[in-house]
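Written out below as structure tokens is the structure these notes cover.
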Amino acid sequence: MEKQLELYDVTIIGGGPVGLFTALYSGMREMKTKIIEFLPFLGGKVPYFYPEKIIRDVGGIAKISGIGLTEQLIEQAKTFDPTIILEQQATTLQKLENGNFIVRTQTGEEHYTRTIILATGFGALKTIKLGLPEAPVYEKTNLHYFVRERERFRGRKVIISGGGNTAIDWANELEPIAAEVSVVYRKDAFPAMESSVTKMQHSSVNIFTPYSITGLTGNGEAIAEITIENVKTGEQKILPLDDLIVNHGFEIDLGTISEWGCDMFDGVIKVDSTMQTSIPGIFAVGDIAYYPNKLHLIAGGFNEGPIAVNHAKQHIAPNEQLETLFSTNTDRFSD
């Protein structure tokens, strides 16, 4: 087995903020570390949903954008060169006679590890895509399911489909810089925060309710216009555009991790004071981990990660004395 697969001390499943900080601390502990992330990028839901929103609840940082925090966490996580695997979702687990684990992903790849730290959040985020057969053709051009950089829409005619917080937030963010912003939503009332909806309604954003998108017209490379239809009357309209942003929400998929045998509570995984699950050698941190009086803050996960790493280290070498470790008393940093 060791000749066939490279053995890691710890495999972190999930590359969101908590998983990234956990990777840093694992590196400080001189553990050979791997990160497996389902999305095609690191950062989890922060860059996915609010890249340019301001975060103020991380100690010592007065304010920082979601993408700014993500970039710093990625840089920090890469300090000790962990192996990073993107676009793979952990599916099955095999515990070997020697106590180590093999994690298999939906691609069929196998990952060999002494310990596992689950940092999946509530599960893999799977975007609910536009249910039109022609939609996939345009996903690499001007059909967007998430926004990474606001500036790319400057001076452009943008249509947003959706009525939740993400859709309305982006309508308000883009309204000052886009040539035109329109929102299409299938119901009369928006389920987003009232203050955000009020702001949009008092801006130049064009609002089409209750309408849904029924057709895309383009040249095979980019969408030129969309057809929308009133869900009550059947009235149709043609709207030209430069970009279409679809914010129809997402599905949270814990996948088969829930079947690995860890004790569960209300859809998440129970852990003890060491962040260990009911399976020795498997730990959970962040939103996926449950213990009484848990507070779901990113900053809380930043504490849970090092706790899990310390006890993963002790799981590997139970007879070794584990010293308290701070970034200020380790010489592993180059600056």
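The values are calculated or read from the model by the stated rules, or taken from the named source; none is laboratory data. It should be emphasised that the depicted structure is a prediction, and the values quoted were computed from it without experimental measurement. Quick reminder, even Gly has a Cβ in these numbers, built from the backbone with ideal geometry, and neighbours come from all protein chains shown.
Below, the figures for the structure above:
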| item | result |
| --- | --- |
| Output for the stretch 114-134, where each listed residue is more than 30 Å from A312 (Cα to Cα) and under 23 Å from the mean Cα position of the chain (by Cα) | T127, I128, K129, L130, G131 |
| 2 or more residues over 22 Å from E304 (Cα atoms) and out of contact with any helix residue (DSSP H, G or I) (no Cβ under 7 Å at 6 or more places or on another chain): qualifying strands (runs of 3 or more DSSP E) within the stretch 65-147 | 90-95, 101-105, 110-118, 124-127 |
| Matching residues, the stretch 165-185, being surrounded by 18 or more Cβ atoms within 10 Å (Cβ to Cβ) and assigned to a loop (DSSP other than H, G, I, E, B) | A178, Y185 |
| Long-range neighbours under 8 Å by Cβ, at least six apart or interchain, first residue of a type in the set (S, T, N, Q) within the stretch 313-335, second surrounded by fewer than 12 Cβ atoms within 10 Å (Cβ to Cβ) | Q314/E320; S327/F333 |
| G286 being closer than 16 Å to I12 by Cβ, in contact with a His (Cβ under 8 Å, 6 or more places away or on another chain) and of a type outside the set (K, R) | no |
| Test: residue in the stretch 281-304 that is surrounded by 11 or more Cβ atoms within 10 Å (Cβ to Cβ) and closer than 23 Å to I128 by Cα | yes |
| Among residues of the stretch 145-158, those that are at pLDDT 95 or above and crowded, with 19+ Cβ neighbours inside 10 Å, counted | 2 |
| Residue in the stretch 71-78 that is charged (D, E, K, R), farther than 30 Å from F153 by Cα and in the same structural domain as T256 (by TED's automatic domain parsing) present | yes |
| Residue satisfying all of: in the stretch 91-127; aliphatic (A, V, I, L, M) and either buried (at least 18 other Cβ atoms within 10 Å of the Cβ) or not assigned by TED's automatic domain parsing to the domain that holds G261 (or both); farthest from L42 (Cα to Cα) among these | L93 |
| Selected residue (criterion: surrounded by the fewest Cβ atoms within 10 Å (Cβ to Cβ)) from residues of the stretch 207-227 that are part of a loop (DSSP other than H, G, I, E, B) and either in contact (Cβ under 8 Å) with a residue 60 or more places away in the chain or in contact with a Ser or Thr (Cβ under 8 Å, 6 or more places away or on another chain) (or both) | G220 |
| Test: residue in the stretch 287-298 that is of a type in the set (A, V, I, L, M) and assigned to a loop (DSSP other than H, G, I, E, B) | yes |
| Residue in the stretch 82-90 that is under 12 Å from L20 (Cα atoms) and either surrounded by 19 or more Cβ atoms within 10 Å (Cβ to Cβ) or not assigned by TED's automatic domain parsing to the domain that holds A312 (or both) present | yes |
